[in-house]
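The values are calculated or read from the model by the stated rules, or taken from the named source; none is laboratory data. Since this is a predicted model, take the numbers as computed values, not measurements. Cβ placement follows ideal geometry from the backbone for every residue including glycine, while neighbour counts extend to all protein chains displayed. Only protein heavy atoms, including side chains, enter the accessible area calculation; ligands, DNA and RNA are left aside. Shrake-Rupley method; radii C 1.70, N 1.55, O 1.52, S 1.80 Å.
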Amino acid sequence: MAQFVGKWKTINSTRKNYEEYCSSSGIPKDLIDKYRDVVTVMDMKQDGDKWLITYDTGLGPPQSFTFILGQELVTKDFEGKGVKATATLGEDGIWTDKT
């Protein structure tokens, strides 16, 4: 799981289907436009079973949340809407989540 620890930065030029994804997720057009060119820095840390992820878009204060793989996390998205998700790590090392 060490492959996920560290700072990660979005590369907007490689992002595919951004508009379609956002539209199907119910994100309003004005927010789709606002976040289109935002560079997000994600800092992932692990302490035993707990993970801490901090997102910084530069458009407001950074947001952080802590979770344990396989346990449901209840938090808020960048718009302040409630979100429930469960993250898991597969045998192939791929991180997935169920929302």
Accessible surface of the chain [probe 1.4 Å, protein heavy atoms]: carbon and sulfur percent: 53 percent
Debye-sum result for the stretch 7-51 in log10 I(q)/I(0), which assumes one identical scatterer on each alpha carbon, at q = 0.18, 0.27, 0.30, 0.33 Å⁻¹: -0.66, -0.97, -1.08, -1.17
Percent of Cα-Cα distances greater than 19 Å, calculated over the chain: 51 percent
Environment charge at P61 (Cβ cut-off 15 Å; Lys +1, Arg +1, Asp -1, Glu -1): -3
R15/I68 FRET efficiency (R0 30 Å; Cβ-Cβ; nearest 0.05): 0.55
For the chain, the longest site-free run once GluC sites (Glu not before Pro) in DSSP loop states with at most 14 other Cβ atoms within 10 Å are removed: 1-78
DSSP loop trypsin sites (Lys or Arg not before Pro) with at most 14 other Cβ within 10 Å: longest gap in the chain: 37-80
